[in-house]
Every structure is written in structure tokens, then in C-alpha cells.
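Below you'll find the structure, written out as C-alpha cells, and then a few comments.
All of the numbers you see were taken from the coordinates with simple rules; none came from a lab. Being a predicted model, the structure only gives us computed values, none of them experimental. FYI the Cβ positions are ideal-geometry reconstructions off the backbone, even for glycines, and counts take in every protein chain you see.
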Amino acid sequence: MNPMRMRMDPLTLLRDFTIRGDLDKIVRLNGNFRFGEDYTFPCSLETAYRSTKGNRYTLETLVHYIKNHHLKHTEYFQNTLALGIPSVTLPDRKPILNYLQGILSTTDSIEYLPEQPSIPDEPSSHQQHSQFPNSDEIITELESPPLDFISMIRTAEKPLKDRESLLECKNRDFYSVLVAATKREEERQRAESHQRKDGLVAKSRLLGSADDFGGDEMGYDHQTPKPKMHLKIGEGVPIILVPSAFQTLITIYNVKDFLEDGVYVPTDVKVKAMKGAKPDCVTVQKKLSRDRAVTAYEVRDKPSALKPEDWDRVVAVFVLGKDWQFKDWPFKDHVEIFNKITGFFMRFEDDSIESAKTVKQWNVKIISISKNKRHQDRAAALEVWDRLEEFVRSRSHS
């Protein structure tokens, strides 16, 4: 008698049929696999091969795998998913293939159930007849096996997603997720930037952020929105004046690049790139540090257009170094101007001393930048912000 037939082990039979090249003789009939003309086993029957995950592979899983092992794992997995068949895991593919093809004689993953009866080497005719019935009897018995409810449940299960399937999903990667998240964050920051540039929003932030100008000392009660007294720097957004002449380094065209981004761009370059008419007012905020950017400033270059009450809001001026810049200003002299307004004079570091000769007589902060080393602009811009914020704090407390 054929020893394979005697053992009635579906895993060993599948290995024998694989080695002989008889896989085409394993035919599925309803819920069973028929091995040639001798044996029939339920498709859901658990074999002795235990996966690395701990469960035993069903006969259906192993038969389908050995007939489709040539497929790449992603294609194989999608195929099993579509058919509702549990798949062989990626780590188990090679060991199972080597065992079933006869390359390995055995493996630690094969665990036979202890209750399987041992087969005597030389059974008597009576024992042989009682323990190993003829093929017709075997088929009859195995076609109506005892109900295995666990196997029935597992056969009905259709796994959709697990960690392995997610990693092996076609045309998907985690980089695209990162790119999408980064894009959403950039759009959010851009939207907030547009809001900060709105003068009305800037004004509301200024009036609603007393902490940045000294908290309660500014005259605000944190429990009531009404101010207790007028701001020392005037109601509204503080004003920074810049020259309208092109011979100065800082103008209304490039002041935003310098103060917000810490980059000096020549005025003529900005004018050539500008679309539309020259702006009458530009709003700037400090974005060069981790401080909350809640204080906004209006930058203007037409002092003659200011109303009397607007002069109370002027906190800084970029000077040309020429007396005529202050013509018709509502102050009696330079001393009064630079006591009430902080002054800045921008120059290239290699300019002659004569260019700053007049300015040195005034209470003005001289800021030097390089003609070519743009990476140094940030430090110069921060120098302006430090001086300006210190001045605003001292003026608010006076």
C-alpha cells in the first residue's frame, strides 16, 4: 500500500504532488480538494504548517500558494484578497516553497497534532484493515468530516487591511502623505500671513494685545475690553516714516522685505518688479523671531498727508541725513523730533564717513549693511526691531 495513502496527511500529500509535478491533479470540488483518485480533504482543513504569526495554514491557502508562487507578493496578496483566501505571509513564502518542492526535508514550522495515531511498521492484516480502510471508505469518511467550527469561521473571514497589506499597497507611499501634510501647513501659514497684512486686523491685534506694550501699564484691564485711558503712542496702529527719495537705502518699496524677511533688496529692483501703482501705506510685522507677531506698523513716505492726530502715532523714521526731510514737521527742532520719534540711518558699511557726518549729530541709530553679503541683513533688521521695540515700550510707560 502506498505509504502516502496510509498517512492521510494533506501537507505531505501536497508536498508529494508538488515534487512529482502533479499539481494539476489536485482538483477543487465544492468545499473539498480531491487529490487524484485516492484522497479528499476539506479546503478549510488546517495543516501541520504553522505560520510565523502562530496560526496554522489551511489546505486552501497552501494549495493556492503553491499554484501561484510565481506571482510577486503584492500581486499574490491582491489575488488572495479578491478570492477571500488567507494568504501566506512574506516571511513564510520561501520556507514553504522549499519544503513543498522537496528542497527542505522538514522545518520547525511543521507541528503535527499529538493525538494523531502512530502507524506501526508491519501491521497485521487485521490491524491494516481496521486502521486503514480502502480508498472508497476513506473518501466516504472524509467527505463528511466532523464539523470544525473554528475552521468554518476562519474560512468565512475576509481580511481587508493589516499592517503588511498597507505597506504593500500599490501606487501608495508615505512620502506623498508627508508632501500633502506639508502643503496644507504652508497654505494655512499663507492664509494667516494675508490676514496679518490687513490693516484692520493689525489694528485689532494691536489694541487687543496689551501684553506686548506692557500689559496693564498700557492702561488696559484684562477683564474688560474697554481701555481705561488713551495710548501714549496715539490711538491706532503705530507709524514708521521712510523717505520718498530713491537715494536712501530704505523706501516704501523695500521696507517690508527688510523688516519682515531680513533681506535688503535695492529699491530699483523692487520698482521694476512691482505691478500696479505705488502703495501709500505698507503694513509690516516682526517675523524674524519666535515672539508672537501681534504688533503691526504702518509704513508711510508722505508726512505731508498725515493729520495732526496721526503724528501721535509716529514712532520711528528712517532719515536721509538732510535737514529738508523734516520741513513742515510739527516739531521745533531735531532734539524734539528724536525725543518723540526714534530715528534710523541706513548706510553701506564701506561708505565714506562723510555720508554720516550730519547724522552723528542727531540722536539716531546708524545701521550698516553690506553691499553684497545678504546673509548679514537679518542681523541688521533685528537691530532695528530691538531699538524700535525698546523705544515703544519706554514711550508707552512715560
> If amide H atoms are built 1.01 Å from N in the plane of the peptide, which residues on other chains or at least 5 residues away come under 5 Å of the amide H of ILE367?
Replying inline: PHE345, MET346, ARG347
> So who's got an amide H within less than 5 Å of the one on THR40, skipping anything under 5 residues away but keeping other chains? H placed 1.01 Å off N, in plane.
Replying inline: PHE35
> Once phi is turned into θ = phi - 60°, what whole-Hz ³J(HN,Hα) does the Karplus curve with 6.51, -1.76 and 1.60 give for every residue of the range 330-338, x standing for Gly and Pro?
Replying inline: x, 9, 7, 7, 5, 4, 5, 4, 8
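Neighbouring Cβ atoms within 10 Å as the yardstick, rank GLU389, GLU354, GLU186, GLU60 fewest first.
Details: GLU389 17, GLU354 7, GLU186 10, GLU60 24.
Arranged by neighbour count, lowest to highest, GLU389, GLU354, GLU186, GLU60 become GLU354, GLU186, GLU389, GLU60.
Over 27 Å between C-alpha atoms is what I'm after, so list which of LYS275/LYS327; LYS340/LYS371; LYS302/LYS340; LYS275/LYS357; LYS53/LYS94; LYS332/LYS360 land there. Kindly include the intermediate steps, with their values, before the conclusion.
Working: LYS275/LYS327 31 Å; LYS340/LYS371 31 Å; LYS302/LYS340 18 Å; LYS275/LYS357 37 Å; LYS53/LYS94 15 Å; LYS332/LYS360 19 Å.
In this structure, LYS275/LYS327; LYS340/LYS371; LYS275/LYS357 exceed 27 Å between Cα atoms.
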> Residue-wise, which Karplus ³J(HN,Hα) couplings in Hz belong to the range 51-66, taking 6.51 cos²θ - 1.76 cosθ + 1.60, θ = phi - 60°, and x for glycine or proline?
Replying inline: 6, 5, 7, x, 8, 8, 6, 7, 4, 4, 4, 6, 5, 5, 5, 5
> Going through the range 318-374, which trypsin sites (Lys or Arg not before Pro) have at most 16 other Cβ atoms within 10 Å and a DSSP loop state?
Replying inline: LYS322, LYS327, LYS332, LYS357, LYS371, LYS373
> Each residue of the range 30-47 in turn: what ³J(HN,Hα) in whole Hz from Karplus with 6.51, -1.76, 1.60 and θ = phi - 60°, glycine and Pro shown as x?
Replying inline: 6, x, 10, 10, 9, 9, x, 10, 9, 10, 9, 10, x, 4, 7, 5, 6, 8
> Around LEU104, which amide H atoms from residues at least 5 apart in sequence, or from another chain, sit under 5 Å from its own amide H, with H modelled in the peptide plane?
Replying inline: TYR99
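As a footprinting exposure proxy, order HIS64, HIS73, HIS375 by other Cβ within 10 Å, with the fewest listed first.
Ranking HIS64, HIS73, HIS375 by Cβ neighbours within 10 Å, fewest first, gives HIS375, HIS73, HIS64.
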